[in-house]
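Some notes on the structure that comes next.
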Amino acid sequence: MLGIYLHIPFCLKKCSYCNFVSLERTELMDAYFCALKNEIGMTGRMYGRKVDSVFFGGGTPSFPPACYITETMDALRCAFDIEEDAEITLEANPCSLDARSLKEYRQAGINRLSIGMQAAQDRLLAVLGRQHTREQFECAYNLARDAGFSNINIDAIYALPGQESGEWGETLRFILKKEPEHISAYALKIEPETPLFHAVSAGAAVPADEDMDLAMYHMAQEILAERGFVNYEISNFAKEGFECMHNLKYWNVRDYLGLGAAAHSCMDQMRFSNTEDVEEYISDMQEGRLRYASSVLVPEKERKMEYIMLKLRLKKGFSFFDYKNRFDEDFREAFSREMEKVVSLGLAKTDGRGLYPTRRGFDLQNQLVSLLVCNL
């Protein structure tokens, strides 16, 4: 089964922590979605595999009028064999959702929303440059439920400049009152050349230190576990049966196809990506040129490193059988000393059938992976 990711690189306007195209440049929107549909048509003729997950992400796909998304879904169904029960996710900003657009999304077959709430305090939303308020999030969430969405993820960010631990706890408890099926809790990542990056560089904003970062992460683990959420991936928590099928493709190192400017793909051990330049992408697609900015056959060593790194982001880790099936070697023999080391340090555990990260391994995932692949 194949997963498809569609990159929609538009935001309402530049926010503090991203570098996407502002919707103020509306002349690009028609051309971009026409180009995207052209790429869908061209790639659909190349791959004959069934599709069981579709993910609209990138900037904020809910900002363009809903018709752009529904027409893109029509193009996908014409070009690809999409399973009837496929998980189809749309990332959304609270201030861009209304009853009419939500109804159109549902009619188009979108069955999962990922709403970027980020924080429950308006002052912290302002730090992030977000366009919505806590009240707008509540309104959007309630409208989504009224529209029939029964699979909703809420995004939240911790370790923000000036954020106190009590505020993070308040955010978590506020989210839990909404009873979503899935929660993504990410530590703040400051992207280069964003307003927040420049504020931090100038000393005008001070991110949380490592101790506070870890304390907030543990707080999320404890509070969400009490309410039945499983920390199935380092930063993701779900009720049983509501893990994100699309993102699991990445973490389980399955094939996925990325469509749109700056989209990345990994198919049959090939990794390739489209140009990041939106206007260049549009020009290529208008002329029917499926030209990749980069394309490389991934060497086996790199595939092994990627497998270990991504699989150990999952609570379930990986089975030795699966590793053997992929790489034709016994992990226990090839990594015996490294495995003994990470187990002795309490970073991972094994039952003889596979290797699984511990809670300490989640905290120190970089160390866990580095120790395992140091001799590759």
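The values are calculated or read from the model by the stated rules, or taken from the named source; none is laboratory data. Keep in mind it's a predicted model, so treat the numbers as computed, not measured. Ideal geometry is used to build each Cβ from the backbone, glycine not excepted, and the neighbour counts take in all protein chains shown. Note: accessible area is taken over every heavy atom of the protein model, side chains too, but ligands, DNA and RNA are not part of it. Shrake-Rupley method; radii C 1.70, N 1.55, O 1.52, S 1.80 Å.
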For S201 the rounded accessible area (nearest 10 Å², probe 1.4 Å, non-protein molecules ignored) is 80 Å²
With bins of 10 Å, the percent of all Cα-Cα pairs of the chain per bin from 0 is 5, 22, 30, 28, 13, 1
Per-residue accessible area, 1.4 Å probe, largest first, puts W168, W251 in the order W251, W168
What one gets for segment 66-113 as the Kirkwood radius, inverse of mean 1/r over different Cα pairs in Å, is 11.3 Å
Under the helix-only model (-39500 (n - 2.57) for each DSSP H run of 4 or more, divided by the residues of the chain), the mean residue ellipticity at 222 nm, to 500 deg cm²/dmol, is -12500 deg cm²/dmol
For the pair R353 and A199, the simple spin-label estimate (label points 7 Å beyond Cα toward Cβ) gives in nm 4.9 nm
Heavy-atom accessible area of E300, protein chains in place, probe 1.4 angstrom, given in Å² to nearest 10, is 90 Å²
If every Lys and Arg gets +1 and every Asp and Glu gets -1 at its Cβ, then about the Cα centre segment 332-376 yields a dipole, in debye to the nearest 20, of 100 debye
Expressed as a percent, the portion of alpha-carbon pairs in segment 41-182 spaced more than 18 Å apart is 58 percent
Carbon plus sulfur, as percent of the 1.4 Å-probe accessible area of the chain, comes to 49 percent
For D81, other-chain or 5+-apart residues with amide H closer than 5 Å (H placed, Pro excluded) are V51
Pseudo-spin-label distance N142 to M1, built 7 Å along Cα→Cβ, given in nm, is 3.5 nm
Expected sort for 161-167, 100-106 on mean C-beta neighbours within 10 Å, highest first, is 100-106, 161-167
Interchain or sequence-distant (5+) residues whose placed amide H lies within less than 5 Å of the amide H of M117 are D155
Going residue by residue through segment 196-203, the Karplus relation 6.51 cos²θ - 1.76 cosθ + 1.60 with θ = phi - 60° gives ³J(HN,Hα) values, rounded to whole Hz and with x marking Gly or Pro, of 5, 4, 5, 5, 5, 4, 8, x
Expected vector for segment 175-189, Karplus 3J(HN,Hα) from phi with 6.51, -1.76, 1.60 and θ = phi - 60°, integer Hz, x for Gly and Pro, equals 4, 5, 5, 7, 6, x, 8, 8, 9, 10, 10, 10, 5, 4, 10
Placing each pseudo-label 7 Å from Cα in the direction of the beta carbon, D98 and R326 end up separated by a distance in nanometres of 4.6 nm
Expected unfolding gain across A225-E164 under the 0.36 nm per residue rule, minus the alpha-carbon gap, is 19.8 nm
The alpha-carbon center of segment 133-178 and that of segment 312-373 are separated, in whole Å, by 34 Å
Relative contact order as a percentage, segment 41-107, C-alpha pairs under 8 Å and 6+ apart, gives 48 percent
Karplus-derived 3J(HN,Hα) from phi for segment 353-358 (6.51 cos²θ - 1.76 cosθ + 1.60, θ = phi - 60°), whole Hz, x at Gly and Pro, runs 10, x, 10, 9, x, 8
Segment 66-209 accessible area per residue, 1.4 Å probe, protein heavy atoms, integer Å², reads 42 Å²
1/(1 + (r/R0)^6) with r = Cβ-Cβ of Y292 and R173, R0 = 45 Å, i.e. FRET efficiency to nearest 0.05, evaluates to 0.50
From highest to lowest solvent-accessible area (probe 1.4 Å; ligands, DNA and RNA excluded), D351, D328 read D328, D351
Taking K304, K37 and ranking on accessible area (1.4 Å, protein atoms only), highest first, one gets K37, K304
Regression test value, accessible area per residue of segment 270-376, probe 1.4 Å, units Å², expected 56 Å²
Once the mean of 1/r over all distinct C-alpha pairs in segment 131-261 is inverted, the Kirkwood radius in Å reads 16.6 Å
If the chain between S319 and E306 were fully extended at 0.36 nm per residue, the gain over the current Cα-Cα distance would be 3.2 nm
Computed curve, segment 207-281, Cα-only Debye sum without solvent term, log₁₀ I(q)/I(0) at 0.20 Å⁻¹, is -0.88
Amide H neighbours of G59 at under 5 Å, excluding residues fewer than 5 places away on the same chain, with H built from the backbone geometry, are I8, F10
Length gained if K50 through S283 is fully extended, taking 0.36 nm per residue and subtracting the Cα-Cα distance, is 81.0 nm
